[in-house]
Amino acid sequence: MTLSEKISDFISQKKVIKGWYALVIIFFIMLVIVPTLFVLTYAFTGWDEIQETVMKAPPEIQYTDVDLNFHNVSIIHSPDIIDVTDPYSLEVRYNMERDTSLNYTVYLMDDEEREIEFQDEFIVNGTGTVWFNASANDTHNHFHHVGEGFQTLVVSNVTWTPEIWEEEVVLRSGSRLPWDMVKDALIVSFVIATIVTIIDFTAGLPMAWLMVRKDFRGKKYIDTLIDMPLAIPTAALGFSTAMFWAVTPGLNPYGSLSLTSSPFILVILLHIVFSYPYMVRSLSAILHEIDINYETAASTLGAPPLTVARTITLPLFRAGLVTGIILCFARSLSETGGTMAALAMMTPSLGELAYPMKTGPTLIGAWKHAGGFEPHLAFTAMILVIITLILLVIIKIVIMKFKMPLRKVFPGPERLLSKGVFPKLKDGLSFLFMFLVLLIPSFFIFSFVLTGDPSPVDWGGFWGAMRFSFLVAGVITVINLIFGVPLAIYIVRGTNKIMTNILDILVNVPLIVPTSALGISLGMFWGSMDLGMTTLLVISAHLAFTFPLVVRNVAGAMEELDPTYEETARTLGAKPMFVFRKIVFPSIKFSVLAGAIMAFTRSLGETGATLAVVKEANTVPVYIVGLVKSGDYYPAALACIALIFISFITMMAMRYMTKKAGDN
Amino acid sequence: MPEIEMKGITKRFGKVTAAANINLKIKEGEYVTILGPSGCGKTTLVKILSGIWEPTEGDCFIDGKKVTGIPTFERDLGYIFQNIALFPHMTVWQNTSYAPIVKDRGQDVMEKTTTENLELVNLLQRKGFKPFELSGGEQQKAGIARALCSGSKLLILDEPLSALDARVRLDLRYVIKNLVKSKGLTAIHVTHDQEEAMSISDRIVLMRAGGIVEVDTPENLYNRPKNLFTANFIGEASFIEGRIIDNNEDNCCTMRARNGYKLKIRNDSCMMKGAGVVIAVRPENLFISRKEEDNSIPGEIQDKIFMGSFMRYRIMLATDDLVQVEIAEAIDKTFNIGDNVNVIFKSEKLLVYPRPKEGLQEVLSLE
Amino acid sequence: MPEIRITNLKKAFGDLVAIDDLTIDVKDGEYLTILGPTGAGKTTLLRLIAGLAEQTSGSIFIDGECVDDLPPERRKVAFLSQTYSLFPHMNVWENTTFGPIARGWDPEQVEIIGREMLEMVHLYDRKDAYPGELSGGMQQRNALARALSADAKILLLDEPLRALDARLRLDLRYELKQLSKDMGMTTIHVTHDQEEALTISDRILVLRDGKVIQSGTPKEIFNKPAIPFIHHFVGEANFISGKLQEVDDEYSTIVDDDGHKYRTQKTDLKPGSRVVAGIKTEFTLMTKEKWESEEINNFTGSIERILFLGRFSDFEIKLGNGEIVHARLPGYQANKFDGGDKVNIPYSPQRMLVFPEPEGGIKKALEMV
């Protein structure tokens, strides 16, 4: 007996197999699930602190050097680092019972001690916010007015100099709690995620239909094109999309549409770009599984295509629909890097906390970046985790229980809409949507690089970030494979059905929890153990949210693999390890590869978790977002393109290898 | 009532030709079965007829009207599926009433036809059930009711019994045949099961490798097949190869089989002396005896199989041909395995064919 | 050659009992068929024997040795699944030699057995083909060669013919049995096809709802079915129900609810009890003339439908009282009748088998799940 046979025999023992599975499950629970949900414990250990700092109005702050002569108006501003080259902002929130006039004067001093003075007058009523933004280098001021019943606000004689900031780390208001900021940001996040999911579904369904049920020339190219945005890190997408759609001050590349100056609309457009492929992919996967005979049967019974789709296919879809909707929703909810980049593009020279609109993840990013907001972060992450999990259950229940009015039939109109120009119109619109909303914005960055003004690039910084990103992505991919593949096999083939069902649900948790919340949670978990290593923290964070990708892929392949192959092999005298090597692995290896590459590219493109887990981590997306924020657009664009190319090569390699397998 | 005609139907999938130049005419009210081994193109034909696939060449006519290019939902037909394909999210009632609803027949007509058809298949009391709550046989009955509710006079049955247990299949044959005949439908039934085809059809279209082999009534195909493949595929047969060694006399001649054994056979097609010949004979048309008899070949019993009301013997003849003989239980004299017997050939029961050039096995091959 | 002994075997999936207290002995070299409708627990039984599922209670012995704790690879049982499960990424040769290689035989032996098995199933010249390139029949033969090359003496066949065309099945039945006998295998063959079971087996075990309801040679199952369900399932039968009036040395007499009298086989049942009696359609005769004997066992009806089956025809006859009776006649008799003919149907008393009336009536007892 050779050594390898001995090893194989040893591994094939029932006890060893059981022990190995136990180890894998413990790994999964301890390194993925517990850290992900650890933030929830803060509700017990840190509730007092939360109440103190987030829920309750802070004590009056002495405005020593600021002379503010107004009632019910507070000042919130953020940066604790005083660097006169930083853009500053002053957020003035008001709560007036009647028309109030507010005059203010601001004095700014730049590094050459030149004084700049601004004066203005508002009349306000009701509740709202006024931002004053200024940069010491920049004499431009931006005023953004949000709120209802805005009329006049008078602040008399606001004196504001950079020196003040050293003493006032944060000014908190009596009328405006951090809790309100959290609430606003979360509402924005959920509203955006909902709208994005609805649009994705509406536009994705006809596309999935085309891809699965129709045959046309060039289908496989379209198939590849749909996946393109997945290969581009979201930070680069945010950059590119903002340039294409939005009014971006100080930057107007050739071909930009500059259609919107609303951050809300821009973020929706951005989120569609990277979530749409997930929707189309999930819907196509289900469509593939729905026996085409049901549709054929309906059409032999006289139902026109539209009626078939509504009364037969859609109801059969339900269970699978959940996957698509949850994936899109979760992706939109969790995205950080792209959103940050896009917001920074629209409002350059603003501090992060002063962006006119914040989503949950960007708020976390900003607070983390600012430092000193631990209770705030924990609280936000906690709320985000809880709401996401609850929502997950609600979506599942609603879709499964909701009686769609799908049985009613409208023979006349549906027959009409199924014929002539309408189906062609629908197909045409699907393609138009894909090109206009998906592809052009994704690749618009190339237009900028080709037409923009070159400026020097710090390649050293870029490659440094790249090395770190690759290190992280590489390490997590290896660990994912070692633990993810056995866990997937256990979930599908395990005999203890209760256990496998629980694991099956748990695996999805890190996929759904927004990565920035996950990052905060992980940071707290590992921070509480006081390991303190930045690299390890980033790796463990990336491990948590990429782990499900490997498990899901492999589990999917295992489910497709008819267990009778393995059983037959066993009856032919093969030990479990031999069966795995000769039967199971050859059958699932491409899904293993696909999972590995998905994990790798997701890790490469992730911003939110990285920023949430450590304050200063130098991964590529973080590096790019940093460049965008500081207005270094040209280097940012070049870095994006470099990243796109690398991601692309990886993805093409995967496609090539998978295709080769298909030919065999 | 519809009349069906296929003219020059050809269907290619890439390089594979699934059906080659098929011409077929089906009369009103006729029950026609398309029979053949897997992959012979039989399903292709009905899929083209119902508009699920478009032919590469040729046209279909329903009631004299060319239907090429007309989508399935506008062709008036009922279709019964091999995998039944009841809509899993709908009850039996909702499944059955689907056609009247999408065809906008009105509430009254819908209720009336649905009730009527569910009653016909004996499923009215199960109308609230979901498909998965029914047994396989009941599911297919619901599938039949659903197809009938489309109100069409043309019914296509695509291997309707294949997914069911053997015993259930036997019962459903009656159900289907009775329904089709009592409603006066034109039916096209696809199957690979020759017994099912014989039992249910007015006419059988036997296909092989994308082409039609023979079209005739079940009785003719069974008793007087024009083709060796037909003789083997429709009902079992034993085959003996030989050569004609004398001249035709009264449409009779002598054939010499392997190892010098001779048989008197009929020679209606006046084959010449020296011509290669194959005879085919049904198991029930052979007899065995311990004594030597006229026109018999000795052999040894290899296997004895109980088949209910009769016994089947598998006998290796001295000519090295294996023949199967069936004897009714009542007259069975209980021969045993290993017994040496004489197999009696009655020349009027033998089917005679010229020996095929490609070789007998090639022609008979079932796959 | 090994024998299989199964004692008090039980397998439950939650509340659902798939195998219910089963005790079976399979003799050396026996070809046993397990016959039953879908959902009877046939496949589960095979999986338990092969070690692919764990029983809830009871034991399985192979060759006198309890195998309850042995993993499948140590039971030396060849299992042929319904879909054959040929490994799609291996060619015919690799599939066939999988077992010997997995058991660690030396290459020469592997070479010999692989070749021997493939030649036996006439597939040696296709040894480089992949399963996807083979026809259904070839796939089945390849799977069989693979199962046989693994040095097993027990062959478990799970509906091995189901995936094949009906006509091909008829030929392959004999090949299957011949191969199993030539190799000296002890075989358990699972099927729902009663004709297949009759023609192929040394012994048939009729399984329903996880219980053995009869075990016997094909002849016994066909001629002496234990319950009405088997009478109707193996072959087809016409039933009458009534009260047992008297039993003499030769016959029994039954009176139905309308007062008609029937003469049947004699029975051990007590006169006065409710009974049913059934006759196989194969033994149901038809005549155009009036049957000479008196009123007993005689019906008149008209032929509703004729199903031509080649060597047989099946007749559906509607009796005066609206009931339907089936009769199966061999070809030479069948061609004397046409649809619509008025016929007499005499039930032969020797062929009328008597059973106690099943609970819930005869109709329910005949239902095929």
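The values are calculated or read from the model by the stated rules, or taken from the named source; none is laboratory data. Note that the structure is a prediction, hence the values are computed from the model and not measured. Using ideal geometry, Cβ is built from the backbone for each residue, glycine included, and neighbour counts are taken over all protein chains shown. To get the accessible areas, we keep the full protein, side chains included, count just its heavy atoms, and leave off ligands, DNA and RNA. Shrake-Rupley method; radii C 1.70, N 1.55, O 1.52, S 1.80 Å.
Summary of values
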| quantity | calculated |
| --- | --- |
| The listed residue being more than 18 Å from A:MET652 (Cα to Cα) and touching a Pro at 6+ places or on another chain (Cβ under 7 Å), out of A:PHE244, A:PHE239, A:PHE216 | A:PHE244 |
| Any hit, region C:260-270, residues being open to solvent by less than 10 Å² (accessible area, probe 1.4 Å) and within 14 Å of chain B (Cβ to nearest Cβ) | no |
| Selection from region A:492-529 of residues that are in a helix (DSSP H, G or I), among the small types (Gly, Ala, Ser) and open to solvent by less than 50 Å² (accessible area, probe 1.4 Å) | A:SER516, A:ALA517, A:GLY519, A:SER521, A:GLY523, A:GLY527 |
| Filtered residue count, region A:264-305, keeping only those that are in a helix (DSSP H, G or I), at pLDDT 85 or above and within 14 Å of chain B (Cβ to nearest Cβ) | 10 |
| Unmet criterion (only one of (1) under 23 Å from B:LEU206 (Cβ atoms); (2) at pLDDT below 95; (3) crowded, with 17+ Cβ neighbours inside 10 Å) for B:THR33 | (2) |
| Per-region count, region A:231-260, residues under 18 Å from A:ALA642 (Cβ atoms) and assigned to a helix (DSSP H, G or I) | 9 |
| Of all residues making up region A:336-354, the number that are open to solvent by 10 Å² or more (accessible area, probe 1.4 Å) and either at pLDDT 80 or above or not hydrophobic (A, V, I, L, M, F, W, C) (or both) | 5 |
| Hits in region B:319-341 - residues which are open to solvent by 20 Å² or more (accessible area, probe 1.4 Å) and outside any strand (DSSP E or B) | B:ASP320, B:GLU329, B:ALA330, B:ILE331, B:ASP332, B:LYS333, B:THR334, B:ASN336, B:ILE337, B:GLY338, B:ASP339 |
| Extreme residue, most open to solvent (accessible area, probe 1.4 Å), among residues of region B:279-306 that are of a type in the set (D, E, K, R) and part of a loop (DSSP other than H, G, I, E, B) | B:GLU292 |
| Test: residue in region C:305-322 that is farther than 30 Å from C:ASP249 by Cα, more than 10 Å from chain B (Cβ to nearest Cβ) and buried (at least 19 other Cβ atoms within 10 Å of the Cβ) | yes |
| Checklist (1) of a type in the set (Gly, Ala, Ser); (2) more than 30 Å from A:TYR21 (Cβ to Cβ); (3) without any contact (Cβ under 8 Å) to a residue 40 or more places away in the chain; (4) touching a helix residue (DSSP H, G or I) at 6+ places or on another chain (Cβ under 8 Å) applied to A:ALA612, failing item | (3) |
| Residues that are at negative phi and either more than 9 Å from every other protein chain (Cβ to nearest Cβ) or among the polar types (S, T, N, Q) (or both), drawn from region C:69-85 | C:ASP69, C:LEU70, C:SER81, C:GLN82, C:THR83 |
| Residues satisfying the stated conditions in region B:163-180, i.e. facing another protein chain (nearest Cβ under 9 Å) and in contact (Cβ under 8 Å) with a residue 24 or more places away in the chain | B:LEU164, B:ASP165, B:VAL168, B:ASP171, B:ARG173, B:LYS177 |
| Selected residue (criterion: surrounded by the most Cβ atoms within 10 Å (Cβ to Cβ)) from residues of region A:534-574 that are within 14 Å of chain C (Cβ to nearest Cβ) and charged (D, E, K, R) | A:ARG570 |
| Subset of region C:202-246 that is outside any helix (DSSP H, G or I) and at the interface with chain B (Cβ under 9 Å from one of its Cβ atoms) - its residue that is nearest to the chain's Cα centre (by Cα) | C:VAL234 |
| Residue match in region A:251-272 (condition: within 22 Å of B:THR91 (Cα to Cα) and buried (at least 23 other Cβ atoms within 10 Å of the Cβ)) | no |
| Residues within region A:14-52 that are open to solvent by 90 Å² or more (accessible area, probe 1.4 Å), of a type in the set (S, T, N, Q) and within 24 Å of A:LEU481 (Cβ to Cβ), tallied | 0 |
| Within region C:260-337, strands (runs of 3 or more DSSP E) holding 2 or more residues that are β-branched (Val, Ile, Thr) | C:274-280, C:298-308, C:324-330 |
| Single unsatisfied condition, B:GLN361 versus (1) within 28 Å of C:PHE222 (Cβ to Cβ); (2) open to solvent by 40 Å² or more (accessible area, probe 1.4 Å); (3) within 14 Å of chain C (Cβ to nearest Cβ); (4) not in a strand (DSSP E or B) | (1) |
| Tally of residues being out of contact with any His (no Cβ under 7 Å at 6 or more places or on another chain) and either more than 9 Å from chain B (Cβ to nearest Cβ) or β-branched (Val, Ile, Thr) (or both) across region C:189-200 | 5 |
| Those residues of region A:195-220 which are part of a helix (DSSP H, G or I), closer than 16 Å to A:LEU432 by Cα and modelled with pLDDT under 85, in sequence order | A:LYS219 |
| Those strands (runs of 3 or more DSSP E) lying entirely in region B:15-82 with at least 2 residues more than 26 Å from B:CYS149 (Cβ to Cβ) | B:16-26, B:57-62 |
| Meets criteria (of a type in the set (Asp, Glu), closer than 25 Å to C:GLY51 by Cα and in contact with a Lys or Arg (Cβ under 8 Å, 6 or more places away or on another chain)) for C:GLU73 | yes |
| Qualifying positions in region C:44-68 - more than 10 Å from chain A (Cβ to nearest Cβ) and either in a strand (DSSP E or B) or open to solvent by 50 Å² or more (accessible area, probe 1.4 Å) (or both) | C:THR56, C:SER57, C:GLY58, C:SER59, C:ILE60, C:PHE61, C:ILE62, C:ASP63, C:GLY64, C:GLU65, C:CYS66 |
| Hits in region B:83-95 - residues which are more than 7 Å from chain A (Cβ to nearest Cβ) and at positive phi | B:ILE84 |
| Number of positions in region B:269-278 that are open to solvent by 40 Å² or more (accessible area, probe 1.4 Å) and more than 24 Å from C:GLY310 (Cβ to Cβ) | 3 |
| Listing of helices (runs of 4 or more DSSP H) fully contained in region C:86-188 that carry 2 or more residues being more than 14 Å from chain B (Cβ to nearest Cβ) | C:92-96, C:98-102, C:107-120, C:136-149 |
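Residue by residue, here is whether (1) open to solvent by 40 Å² or more (accessible area, probe 1.4 Å); (2) within 12 Å of another protein chain (Cβ to nearest Cβ); (3) at pLDDT 90 or above; (4) under 28 Å from the mean Cα position of the chain (by Cα) holds:
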| site | (1), (2), (3), (4) |
| --- | --- |
| B:GLY51 | no, yes, yes, yes |
| B:PHE81 | no, yes, yes, yes |
| B:SER97 | no, yes, yes, no |
| B:GLY128 | yes, no, yes, no |
| B:GLU133 | yes, no, yes, no |
